[in-house]
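Structure, as structure tokens:
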Amino acid sequence: MDLWVEEYQTKDMVIACRVKRTLHEEKTPFQELAVVDTDQFGRMLLLDNVIQTTIKDEFVYHEMISHVALNTHRSPAKVLVIGGGDGGVVREVVKHQSVEKVVHCEIDGAVIEAARKFLPEISCSLDHPKVEIIVDDGIKHVRDHKNSYDVIIIDSTDPVGPAEGLFSAAFYQDIFASLTDGGIFVAQTESPFFNGDLIKRIHQDVAGIFPLTRLYLANVPTYPGGLWTFTMGSKKYDPLQADHTQMAGLDTKYYSPDIHFSAFVLPPFVQALLK
Ligand code: AG3
């Protein structure tokens, strides 16, 4: 039988991928979770029918959401990852020698369990001795942990359903309070083609709270439009002033010191969103 997964990337556009085998399907208290195997992208994790990550292209997103902020901060010791139950961000964060502790706060424990079982390449560092996993609401966690983290990484789903609150100004305010002096946060902020209004609003909200706000880009083939944005709020350090020679020599496939800087070069239509 010819089986396909289809994601409505917008209400008028579908991305479809032929499925070799369905490995797991589950309705969790928060969402519908599926892991399928495909020829095109390898194993793929979907939540509420939205592609979260695939074995073939996950490195782009996970490296880019992690290393830009971690290499901008001079010596991040305590890092909080919100969401990202697959463990891809955690795997990248523990590559940094300065990091002493990674708290991984994911609301849906079923995502962590599915990733452990079906996506070992991505979840492989979840048991690292520096990692503490907390299955809880990230919004609550930051509210309860003031002045606690050097870097906070928000690896959320799209801004509908369980992740909606992770895109609010009130949450960014709590993030600010949860960061130490010199702290930095970064969040995935969707497609500049399809979510321009959202990107604009987030940029304004973050700029109203943090001394420095920056947006950067990476190309993730399985996300709507491919071109993807990340928004960073920083108390002190500017990613554009990061010291090339101080950057950790990381084992990466997309991120590099040159990409660190070039990712901030924005096409005019993206720049226009930030005016
Ligand atoms: N976080 C989801 C990014 C948003 C993808 N959106 C979409 N495909 N419509 C990725 C989780 C990976 N750790």
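The values are calculated or read from the model by the stated rules, or taken from the named source; none is laboratory data. Here the structure is a predicted model, which means the values were calculated and not measured. Cβ atoms come from the backbone with ideal geometry, glycine included; neighbour counts cover every protein chain shown. For the accessible areas, the whole protein counts, side chains as well, though only heavy atoms, and no ligand, DNA or RNA atoms are used. Shrake-Rupley method; radii C 1.70, N 1.55, O 1.52, S 1.80 Å.
Within the stretch 241-256, being touching a residue at least 24 places away in the same chain (Cβ under 8 Å) and either under 20 Å from the mean Cα position of the chain (by Cα) or open to solvent by less than 50 Å² (accessible area, probe 1.4 Å) (or both) holds for Ala242, Met247, Ala248, Leu250, Asp251, Thr252, Lys253, Tyr254, Tyr255. Does the stretch 240-251 hold any residues that are at pLDDT below 95 and either assigned to a helix (DSSP H, G or I) or within 16 Å of the ligand (Cβ to nearest atom) (or both), and which are they? Passing the criteria: His244, Thr245, Gln246.
When each of Val99, Val93, Val103, Val68 is tested for being within 15 Å of the ligand (Cβ to nearest atom) and either at pLDDT 95 or above or open to solvent by 20 Å² or more (accessible area, probe 1.4 Å) (or both), the lone residue that passes is Val93. Scanning the stretch 48-65 for residues that are assigned to a strand (DSSP E or B) and more than 8 Å from the ligand (Cβ to nearest atom) yields a single hit, Thr54. In the stretch 39-90, the residue that is farthest from the chain's Cα centre (by Cα) out of those that are hydroxyl-bearing (Ser, Thr, Tyr) and more than 23 Å from Ile139 (Cβ to Cβ) is Ser75.
Residues that are open to solvent by less than 40 Å² (accessible area, probe 1.4 Å) and of a type in the set (D, E, K, R) were ranked within the stretch 3-38; the one that is nearest to the chain's Cα centre (by Cα) is Glu7.
Residues being of a type outside the set (A, V, I, L, M, F, W, C) and without any contact (Cβ under 8 Å) to a residue 12 or more places away in the chain are represented in the stretch 5-22 by at least one member. Any idea which residue in the stretch 136-168 is nearest to the ligand (Cβ to nearest atom), counting only those that are free of Cβ contacts under 8 Å to residues at least 60 places away in the same chain, open to solvent by 40 Å² or more (accessible area, probe 1.4 Å) and assigned to a helix (DSSP H, G or I)? Taking the candidates together, the pick is Glu164.
If you go through the stretch 109-131 one residue at a time, do you hit one that is crowded, with 24+ Cβ neighbours inside 10 Å, more than 10 Å from the ligand (Cβ to nearest atom) and closer than 25 Å to Met232 by Cα? No, that holds for no residue. Identify all residues within the stretch 208-222 that are of a type outside the set (Phe, Trp, Tyr), within 26 Å of Val50 (Cβ to Cβ), in contact with a helix residue (DSSP H, G or I) (Cβ under 8 Å, 6 or more places away or on another chain) and open to solvent by less than 30 Å² (accessible area, probe 1.4 Å); write none if there are none. Answer for the stretch 208-222, where residues must be of a type outside the set (Phe, Trp, Tyr), within 26 Å of Val50 (Cβ to Cβ), in contact with a helix residue (DSSP H, G or I) (Cβ under 8 Å, 6 or more places away or on another chain) and open to solvent by less than 30 Å² (accessible area, probe 1.4 Å): Leu215, Leu217, Ala218, Val220.
Could you run through the stretch 211-239 and say how many residues are farther than 21 Å from Pro192 by Cα and outside any loop (DSSP other than H, G, I, E, B)?
So the count comes out to 1.
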